[in-house]
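Below is one structure, written out as structure tokens; the observations come after it.
Each value in this text was obtained by applying a stated rule to the coordinates, not by laboratory testing. Fair warning: this is a prediction, and the values are worked out from it, not measured in the lab. Reconstructed Cβ throughout: ideal geometry from the backbone, glycine too, with neighbour counts over all protein chains shown.
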Amino acid sequence: MPRPRLLLVDGHYYLYRSFFAIRGLTNSRGEPTNAIYGFVKALRRMLADLKPDLAAVIWDAGLPERRTQLQPQYKQHRDEMPDDLDIQQEPIQEIVPLLGVASLFLENTEADDLIASYVIEARKQEIECVVATNDKDILQLVREGVSIYSTAKADVGEGNGGFKLLGVPEVKMKWGVEPELIADVLALTGDSADNIPGVPGVGGKTAAKWINQYGSLDHLLKSDDLDPKVREKVEASRELIVANRQMVALDLDLPLPMPIPEMRVAPRYAELIESLRRCEFRSLTAEVEREAASVGAGAGRWEIGDGGDTGRGVEGPGTRDESKKQNAGERGVENPSEREGSPLTESLSDHLLPVSQTPTQGELF
């Protein structure tokens with residue numbers, strides 16, 4: 001019997017990605033809706049691709065004090081969130097639970113730390129975990145039962161159903177080290193996306209070579225048998241390297257705002273359809289109406305699961321200065337598109353209709 005599958009989505013990554021992928025989309029009131037449309041389509045595609053039993057979108061909600069104390073310049077170079085995106089953030093966070101997916105955050109916590117804590121808890125409960133993100137730090141968590149969802153052409157290739165799950169072999173091929181050693185590599189190279197400086201003259205290939213040669217960053221720093229050139233660079237930046245390693249370490253034991261078993265995928269079709277109508281997404285509304293009918297929910301009621309108290313822990317951090325300072329970066333093993341149901345529940349995504357990948361203006365309305 002297959003293990004249940006948990007999908008964890010990096011909310012702000014897909015927020016930005018959706019905004020920049022579709023431009024110039026507004027409703028009849030002149031309100032921008034491009035990020036809302038793109039986010040809904042992306043999340044529905046994940047549900048169709050992965051058929052998760054449990055799912056949550058995790059949002060950034062400020063920077064942890066331990067990182068800003070170590071490096072006050074951490075992420076300070078990032079631009080403010082564009083106004084046209086900022087005003088779509090709250091509607092997106094409100095629509096996520098209607099899609100049947102929990103929407104979660106933890107104050108003064110970055111999404112990757114909360115995701116990491118959920119991954120650790122999922123492994124304890126023997127739940128398979130798939131993370132949808134482009135965050136390099138999360139790759140250090142990849143191992144058996146933990147993978148990264150990717151739709152990037154460089155990862156997917158041809159004939160893989162439009163997505164790929166990146167496991168240990170794929171991550172190792174990309175980085176040149178085992179996933180658990182990626183943080184050691186980042187301690188040497190730094191991360192320009194987060195404004196973390198690296199050792200001068202040390203790039204990814206050199207860092208991976210050193211880590212593989214000496215076994216780990218700890219062994220590298222303690223070794224009495226370093227090549228003279230390596231020793232010179234390490235000694236000149238030792239304090240920076242140690243600080244960087246603490247910066248890229250993920251928090252693995254944060255309090256969880258919602259227990260994993262409560263994340264069961266359960267769309268609230270009637271409310272979802274009404275929300276899509278307000279956004280004036282005609283073709284998407286019709287698509288969801290057909291889907292609701294196929295599972296017997298109808299357009300005017302919700303009969304999928306018991307629903308429970310879906311408001312508990314199902315929320316977003318809203319508009320805040322910290323969440324506006326994000327980068328709009330680009331961003332996964334076995335294709336599970338034919339995966340059987342799990343012991344928790346028959347996945348509702350079995351009923352999802354095909355999701356178009358590149359909508360035209362005519363398809364939106």
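Summary table
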{"item": "At 0.890 mPa s and 25 °C, Stokes diffusion of the range 179-248 via Kirkwood alpha-carbon radius, µm² per second", "result": "208 µm²/s"}
{"item": "Efficiency of FRET from Cβ geometry, R143 and S223, R₀ 35 Å, rounded to 0.05", "result": "0.85"}
{"item": "A193 versus A293: modelled label distance in nm, points set 7 Å from Cα along the beta carbon direction", "result": "4.2 nm"}
{"item": "Where labels lie 7 Å past Cα in the beta-carbon direction, separation of L256 and R29 in nm", "result": "3.8 nm"}
{"item": "Residues Q76 and V168, FRET efficiency given R0 of 41 Å [Cβ-Cβ distance, rounded to 0.05]", "result": "0.75"}
{"item": "Per-residue Cβ neighbour rank within 10 angstrom, fewest leading, L256, L7", "result": "L256, L7"}
{"item": "Segment E232-E65, extension gain: residue separation times 0.36 nm, minus the distance between their alpha carbons", "result": "56.9 nm"}
{"item": "Least to most buried among D224, D53 (fewest other Cβ within 10 Å first)", "result": "D224, D53"}
{"item": "Radius of gyration, Dmax [the range 2-161; alpha carbons; angstrom]", "result": "16.4, 49"}
{"item": "Ranking of W210, W175 by count of other Cβ atoms within 10 Å, fewest first", "result": "W175, W210"}
{"item": "Cross-link partners of K124 among lysines (Cα-Cα below 29 Å; sequence separation of 8 or more within a chain)", "result": "K51, K136, K164, K172, K174"}
{"item": "Inter-probe distance in nm under a simple model that places probes 7 Å from Cα toward Cβ, at E239 and A152", "result": "3.4 nm"}
